[in-house]
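Report on the following structure.
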Amino acid sequence: MIKDKEETRLVVDKKRTDLPRLQGHSCFACGTANPIGLKLTFYNMDDTVCADITLGKNHEGWQNMAHGGIISTLLDEVMAWTIMYFKRIFFVTRKMEVKYVRPVLIGVPLTVKGRMMKDRKPPYVGAVADILDDKNRILARATGEFVEIPKDKLDLVPDGLKQEMIELFNRF
């Protein structure tokens with residue numbers, strides 16, 4: 001007897017781990033205190049860090065399509081959280097290249113996924129990110145290069161925030 005393909009397909013459940021976040025900050029992408037922010041929340045699945053979002057009219061560029069700056073923000077932020085989760089370091093974005101593959105429509109559930117690239121020569125770190133629609137199609141992709149900032153060089157970051165970030169790294 002020949003089995004139907006559906007019967008023989010192996011389905012593997014990926015384990016989702018919700019990531020903690022800082023409360024009360026004004027970051028446009030992930031801050032909880034920004035009244036016009038995206039308020040992204042992140043989770044880990046295997047070698048990726050993800051966020052789910054449905055963009056609305058306030059995120060529109062052309063009619064029914066997300067603004068390119070919002071798309072870039074989503075990609076940059078998921079790469080940042082990917083680096084924070086896997087590397088637990090302080091860093092800044094050095095450069096980012098975005099490829100817009102398909103229109104990113106408003107009102108459609110999206111998943112933004114980030115993953116680490118192979119290690120680069122320190123202090124550089126690489127990551128890649130994708131935005132996928134509800135049919136799992138890639139809508140936009142970015143590659144980013146980030147620069148690690150040594151803890152003793154974080155003069156512009158208030159001491160309280162530095163401590164909060166270290167505590168966040170420890171909670172991952």
For this session: Starting from the stretch 133-157, take each residue that is of a type in the set (Asp, Glu) and list its partners that are surrounded by fewer than 11 Cβ atoms within 10 Å (Cβ to Cβ), counting only C-beta distances under 6 angstrom and pairs at least six apart or across chains.
Result: 145/95
Problem set entry | Single residue of 166, 83, 89, 131 found to be assigned to a loop (DSSP other than H, G, I, E, B), under 23 Å from residue 44 (Cα atoms) and of a type in the set (A, V, I, L, M) | 89
For this session: Looking for whichever is of a type in the set (Lys, Arg), surrounded by 14 or more Cβ atoms within 10 Å (Cβ to Cβ) and under 19 Å from the mean Cα position of the chain (by Cα) here; the options are 171, 137, 141. Which one fits?
Result: 141
For this session: Considering each of 93, 48, 54 in turn, give the residue that is touching a strand residue (DSSP E or B) at 6+ places or on another chain (Cβ under 7 Å), under 19 Å from residue 16 (Cβ atoms) and surrounded by fewer than 17 Cβ atoms within 10 Å (Cβ to Cβ).
Result: 54
Exercise. In the list 31, 37, which residue meets the criterion of being within 17 Å of residue 169 (Cα to Cα) and at pLDDT below 95?
Worked result: 31
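The values are calculated or read from the model by the stated rules, or taken from the named source; none is laboratory data. Here the structure is a predicted model, which is why all the values come from computation and not from measurement. Positions of Cβ are backbone-derived with ideal geometry, glycine not excepted, and every protein chain shown enters the neighbour counts.
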